[in-house]
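The numbers here are math on the coordinates, done by the rules we state, and not lab data. These numbers were taken from a predicted model, which means no experiment stands behind them. As a convention, Cβ positions derive from the backbone with ideal geometry for all residues, glycine included, and neighbour counts pool all protein chains shown.
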Amino acid sequence: MESKLPHIGTTIFTVMSKLASDEGAINLSQGFPGFGADPNLLELVGKYTMKGFNQYPPMAGILGLRQILAEKTQLTQGYLPDPEREVTIVSGATEALFAAASAVVRRGDEVFVLEPAYDSYEPAITLNGGKPVYVPLEEKDFSVNWQSVRDAITEKTRAIFVNSPHNPSGYVWTKSDLDELADLIRGREIFVISDEVYEHITFDGKKHLSLGSHKELREKTFVCGSFGKTFHVTGWKIGYCIAPPEMTTEFRKIHQYLTFTTVTPMQYALAEYLEKPERYLSIPDFYQKKRDLFISGLSQTDFQFRPSSGSFFQLVNFGHLSKMADRELAERMTKELKVACIPVSVFYSDKKDNQVLRFCFAKEEAELLEALDRLRDLNRILA
Ligand code: PMP
Ligand code: GLN
């Protein structure tokens with residue numbers, strides 16, 4: 001059978017997690033929390049399951065969850081989306097990103113991907129007949145080189161994927177980034193697919209600016225989010241998309257034939273859980289402690305790094321220590337030091353190797369300390 005995605009294999013996240021498990025290594029590769037969710041949230045799932053909320057919910061999601069999400073958006077981003085016409089609950093941000101791409105990308109359209117980039121964007125473009133156009137982020141800090149984006153625009157440019165806080169680098173977009181993007185697409189029919197799954201994980205007082213918070217961008221943007229990331233329940237696969245009514249109408253046409261709806265009791269549980277804003281407003285502090293602990297340990301190793309500004313990932317450079325390929329080092333670290341991470345070359349379309357590794361620090365303190373201790377033996381591998 002001729003593959004529609006000939007160059008795509010099993011994702012690196014699955015590959016490295018399996019290797020970590022086979023090797024009995026601490027798994028700082030695939031991004032998922034190593035600790036449980038708030039028991040209050042778990043109890044709510046039990047409550048709604050037992051109450052019999054187990055049949056199909058409305059196609060766009062239960063109204064209660066859409067309403068409270070709209071209120072959260074007003075509180076954190078300063079605008080109130082219409083829960084009826086602009087908010088859709090979906091089965092994870094992955095679905096939101098795919099459905100948004102399906103809604104706007106037509107055969108032959110060009111879609112910008114700023115790389116390094118998360119791996120689900122490219123198939124979402126190509127399976128819909130589009131062509132990804134890769135624009136590199138700045139190597140030193142992963143900020144956007146707006147001139148390069150501007151230079152790549154053609155009549156066929158139809159959409160751009162953006163991701164802030166950024167996976168893998170942690171770069172957080174500034175107001176000036178939002179203004180640059182607005183300026184770039186003004187007067188053109190270019191849609192924005194904004195991956196904001198790490199919206200509540202920012203550090204050092206930096207604030208996440210949703211593209212929806214920008215009045216002009218809001219008119220063209222699908223804001224895609226993930227409750228899994230926010231509340232440490234990645235296995236629930238529940239997320240959302242906020243977009244203007246006309247775009248939401250098209251988005252829902254895809255959503256209703258991709259999954260139709262999203263797991264009912266989790267929707268009720270999240271709707272009640274979100275009533276207390278401190279439950280999400282406390283997340284930056286919670287993760288800041290983990291990031292600080294992790295980078296303070298990293299500074300005792302030979303890796304070089306810039307502290308991550310957001311997401312639960314930290315990049316490190318090792319080019320000054322060795323000529324080894326990043327993938328080889330990641331595999332050897334997993335096997336020999338028993339600490340797994342992700343080689344960042346996988347986030348580039350051409351697998352460019354800048355000798356950078358990504359660690360996930362969404363783990364219990366004891367696990368992070370143990371991993372850091374093992375990383376002190378790095379020279380054993382590099383020698
Ligand atoms: N985008 C990015 C940048 C991610 O890191 C992830 C997490 N795997 C996703 C999207 C997918 O989110 P979800 O699990 O809600 O589908
Ligand atoms: N987003 C997660 C990461 O970047 C992984 C999710 C997945 O395994 N697809 O590690």
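Assorted remarks:
- Relative compactness, region 114-246, computed as alpha-carbon Rg over 2.2 N^0.38 Å: 1.03
- Kirkwood hydrodynamic radius of region 244-383, from inverse mean 1/r over distinct Cα pairs, in Å: 18.1 Å
- Kirkwood-Stokes translational diffusion coefficient of region 14-148, alpha-carbon pairs, 37 °C, 0.692 mPa s, µm²/s: 173 µm²/s
- Calculated FRET value between Ala152 and Asp22, using beta carbons and R₀ = 56 Å, to 0.05: 0.85
- Count Lys and Arg as plus one, Asp and Glu as minus one, and take only other residues whose Cβ is under 11 Å from that of Ser309; the net charge is then +2.
- Estimated distance in nm for a label pair at Asp179 and Lys207, the labels positioned 7 Å out from Cα along Cα-to-Cβ: 1.6 nm
- Distances between every pair of Cα atoms in the chain, grouped in 20 Å steps from 0 to the bin holding the largest one, split as 28, 59, 13, 0 percent.
- The chain: most fluctuating residue of Leu217, Leu258, Leu63 per GNM, C-alpha cutoff 10 Å: Leu258
- Structure-based [θ]222 nm, the chain - -39500 (n - 2.57) summed over DSSP H runs of at least 4, per residue, nearest 500: -11000 deg cm²/dmol
- Cut-off 13 Å between beta-carbons: net charge of the residues surrounding Leu65, Lys and Arg +1, Asp and Glu -1: -2
- For region 337-383, the list of GluC sites (Glu not before Pro) that fall in a loop by DSSP and count at most 14 other C-beta atoms within 10 angstrom reads Glu364.
- Cα centroid of region 290-330 to Cα centroid of region 204-269, whole Å: 31 Å
- DSSP-loop chymotrypsin sites (Phe, Trp or Tyr not before Pro) across region 174-274, with at most 14 other Cβ within 10 angstrom: Phe260
- The alpha carbon radius of gyration of region 314-382, expressed as a multiple of 2.2 N^0.38 Å, is 1.09.
- Our summary of shape: the Cα atoms of region 1-74 have principal axis extents of 41, 37, 31 Å, ordered from largest down, in whole angstrom.
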